[in-house]
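Report on the following structure.
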Amino acid sequence: MKRTCLVVAILLASLALAQPQFPPPRPDPVPSFQIPEPGRALDEGWQYAQTLVDAQLTHPELFNAYPVQIAFTHNGRGAIATLHTFFRTFDGGHTWVNLDPTPPPSNTGFTSLRIPVYITGIVARPLAVTDIALDTLLFCTQNVTTNFGRVRMLSYLGNDYFLQPDTIRYLEEPHWLTGLAIPDSDHIFAFAGFDRLVYHRDSLSRPVFTAWDSLYATTSDQWVAGPVASAESLMVAVGGERWISRDAGATWSAEPPADAQSDYGVSFADELHGLTGGGTLQPSPTGWVHRTTNGGLTWSERVLQTSVPIRCVKMVTAQIGFAAGGNYNESAGEIWKTTDGGDTWTQDATMDAEITAIESERASGAYVNVIAAGVFPDFRGGVWMNRLYMPDPSGPVLVADPDTLDFGVVAPGESVTLPFTVQNVGSDTGFFSESSSSNLRFVLMEPLAGTKLAPQQAETLHVKYEVLPQDSSGIYSATVALISDDGRTEITGYGTVPLSAGEPLRSPLPEIAMLSAWPNPGNSSFEIRYALSHAADVNVKVFDVQGREAAVLHRTRDEVGEHVLSWNAAEFASGIYFVRVETLSATLTTKLLLVK
């Protein structure tokens, strides 16, 4: 009897270890890491787009921009769901705006999504008529105090997304909703993945308070969690086992996971070709990917094994796919790519953030954007972009050549104009409607409204880079977008402003632009943050009040941008200490108070 109890206890313990921990715990102390500068390319074409902050920088204890899932609707619109808010984009992922208008949390409509409520997933409702500016994003939440899950809605109403009240009836029982799937404009499936239940509603277009049906229940002791894959009539949720429906959700079955240690991410390009990934930190960090070519009837052995857990996968086509993950506790992240359906893989990018969500969106007839979102160790989020040339020859395909314009050094009050060519390499005529620029210093010179390009026709256009008289020295950039029925044809422009005429470019900021310590006062560990205006050899040391060196925290070359170090002061006596950051040409010091 004792042996039986021991076996049961071991099984329950292993199940608990396998289940994802939610909410994710913050590392203590925060490891050293670097947030890259937006616009800088990473490895194989990945570009850092933006840092996601869910609180003012003066309130780092409220950072909760941990990305959960990405969903796109159409025409470049979409949202990243984080633990407590949403960041929306209208330009295909170049820029993201926090929909909670006044972080840190205050008296807004989004306070209902703050602790103890967490966002656990988001999906877009498909629309049959995509040229109507009326998007619907549905998301699920979990109250970790009451254990109730709800399904709520974000609606695009003319110019932005708005959080709707509880318009979709939440479940009357305390179940944790771990994911959603919307295969068409009417049907929605909600997964209570830790309670072994699938719920269904077929009335998204009818009265909103229609009840949910309990469609499927399994008596297994396993779980599913995370994004749900949906492709035509196929739906798949993964975890300690795999829940799969091949008839649009009418019937479900539970099957073993592809990997004996469980799966987490899943994605299908169509009803046959799919990927699933997973990983573990114990006894040592490792990640894996499996693939299927028969709709999940069988899965391969591990086609990819990594040194960090794989948290998400994305199949863009039956041949092109991505796997991503990491470990934010160690400020480690990786993105891997396959171009042969998962047979072989190459590492595409590395970063100091764990990638937790990845999605793709066709930007135009020529390009598909791949968006990856991740979390830095202090729970700020980050967004990376990659652009894949994948022409769709069934319609217009507008390609810019060159698609990057370098205007060189331009003095304040002056301007430079450069040409580029747009060619239609598709099989149908393309019609331009407008243009836009993310920086008013870069302007498309030609009016586009009503302009058309027949198949194989080309047009020469011009972008002017005009430096404002008050502009300080630095490097400026912009994305100029040509909007057409083909989508967005994008040109990136770069221009430099010198310190003064005839002098080389130098940053207007001191070499060490910022230094802070938090918490201050503190009783055991501190986060030391500093920012560099350009790359430099850096020494970071701690001194006591008598000027004696207490600790050396850092001694290496750092790149441009913000850096975060940790100092564990548990073994030091209470008192005043000084943190000093030194480079060859600058020194910055801040005082901190250790109180025990």
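The values are calculated or read from the model by the stated rules, or taken from the named source; none is laboratory data. Since we're looking at a predicted model, the values are computed, not measured. Methodologically, a virtual Cβ is constructed for each residue, glycine included, from the backbone with ideal geometry; neighbour enumeration extends over all protein chains shown.
Within the range 538-596, can you find the residues that are in contact with a strand residue (DSSP E or B) (Cβ under 9 Å, 6 or more places away or on another chain), outside any strand (DSSP E or B) and of a type outside the set (A, V, I, L, M)? Give the steps one after another, and end with the answer.
Step one: of the range 538-596, the residues in contact with a strand residue (DSSP E or B) (Cβ under 9 Å, 6 or more places away or on another chain) are 538-545, 547, 549-570, 572-595.
Filter again for outside any strand (DSSP E or B), leaving 545, 547, 559-560, 569-570, 572-574, 583-586, 595.
The answer is 547, 559, 572, 574, 583, 585.
For the range 99-110, taking the residues that are within 17 Å of residue 66 (Cα to Cα) and either of a type outside the set (A, V, I, L, M, F, W, C) or at pLDDT 90 or above (or both), the one that is surrounded by the most Cβ atoms within 10 Å (Cβ to Cβ) is identified as 100. Contact map, the range 379-395: first residue more than 18 Å from residue 339 (Cβ to Cβ) and buried (at least 19 other Cβ atoms within 10 Å of the Cβ), second residue at pLDDT below 95 and among the basic types (Lys, Arg), Cβ cut-off under 7 Å, separation 6 or more or different chains; pairs are 379/26. Residues that are within 27 Å of residue 61 (Cα to Cα), at pLDDT below 90 and in contact with a helix residue (DSSP H, G or I) (Cβ under 7 Å, 6 or more places away or on another chain) do not occur anywhere in the range 131-145. The residue list 211, 217 contains one member that is over 26 Å from residue 135 (Cβ atoms) and modelled with pLDDT under 90, which is 217. Residues in the range 255-281 that are hydrophobic (A, V, I, L, M, F, W, C) and touching a strand residue (DSSP E or B) at 6+ places or on another chain (Cβ under 6 Å): how many? Residues flagged as hydrophobic (A, V, I, L, M, F, W, C) and touching a strand residue (DSSP E or B) at 6+ places or on another chain (Cβ under 6 Å) within the range 255-281 amount to 5. Of the residues that make up the range 327-343, is at least one of a type in the set (Asp, Glu), in a strand (DSSP E or B) and in contact with a Lys or Arg (Cβ under 9 Å, 6 or more places away or on another chain)? Checking the range 327-343: not a single residue is of a type in the set (Asp, Glu), in a strand (DSSP E or B) and in contact with a Lys or Arg (Cβ under 9 Å, 6 or more places away or on another chain).
Pick from 242, 246: which is surrounded by fewer than 19 Cβ atoms within 10 Å (Cβ to Cβ), out of contact with any helix residue (DSSP H, G or I) (no Cβ under 9 Å at 6 or more places or on another chain) and touching a residue at least 40 places away in the same chain (Cβ under 8 Å)? Lay out the reasoning, then the answer.
Numbers: 242 fails: surrounded by fewer than 19 Cβ atoms within 10 Å (Cβ to Cβ).
From the options 242, 246, the qualifying one is 246.
Every residue, every condition in (1) within 22 Å of residue 459 (Cβ to Cβ); (2) at pLDDT below 90; (3) among the acidic types (Asp, Glu), yes or no:
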position: 369; (1), (2), (3): no, no, no
position: 374; (1), (2), (3): no, no, no
position: 397; (1), (2), (3): yes, no, no
position: 406; (1), (2), (3): yes, yes, yes
position: 421; (1), (2), (3): yes, no, no
position: 424; (1), (2), (3): yes, no, no
position: 428; (1), (2), (3): yes, no, yes
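The residue of the range 229-271 that is modelled with the highest pLDDT, among those that are in a loop (DSSP other than H, G, I, E, B) and within 22 Å of the chain's Cα centre (by Cα), is 269. Could you list, in sequence order, the residues of the range 281-330 that are under 20 Å from the mean Cα position of the chain (by Cα), small (Gly, Ala, Ser) and more than 29 Å from residue 391 (Cβ to Cβ)? Those that are under 20 Å from the mean Cα position of the chain (by Cα), small (Gly, Ala, Ser) and more than 29 Å from residue 391 (Cβ to Cβ): 287, 325, 326.
Looking only at the range 272-305, residues that are closer than 19 Å to residue 256 by Cβ and assigned to a loop (DSSP other than H, G, I, E, B) come to 11 in all.
Just a yes or no: is a residue in the range 72-82 at pLDDT 80 or above, among the basic types (Lys, Arg) and over 19 Å from the mean Cα position of the chain (by Cα)? The answer is no, given that none of the residues of the range 72-82 is at pLDDT 80 or above, among the basic types (Lys, Arg) and over 19 Å from the mean Cα position of the chain (by Cα). The residue that is surrounded by the fewest Cβ atoms within 10 Å (Cβ to Cβ), among those in the range 564-586 that are at pLDDT 90 or above and polar (S, T, N, Q), is 568.
Could you check the range 46-55 and list, in sequence order, the residues that are out of contact with any helix residue (DSSP H, G or I) (no Cβ under 8 Å at 6 or more places or on another chain) and not aliphatic (A, V, I, L, M)?
Result: 46, 47, 48, 50, 51.
Among the residues of the range 504-511, at least one is at negative phi, surrounded by 19 or more Cβ atoms within 10 Å (Cβ to Cβ) and at pLDDT below 90.
What's the number of the condition residue 404 fails, among (1) touching a Lys or Arg at 6+ places or on another chain (Cβ under 6 Å); (2) under 30 Å from residue 33 (Cβ atoms); (3) loosely packed, with under 15 Cβ neighbours inside 10 Å? Tallying (1) touching a Lys or Arg at 6+ places or on another chain (Cβ under 6 Å); (2) under 30 Å from residue 33 (Cβ atoms); (3) loosely packed, with under 15 Cβ neighbours inside 10 Å, residue 404 fails exactly one: (1).
Of the residues making up the range 284-324, those that are on the phi > 0 side of the Ramachandran plot and surrounded by 20 or more Cβ atoms within 10 Å (Cβ to Cβ) number 1.
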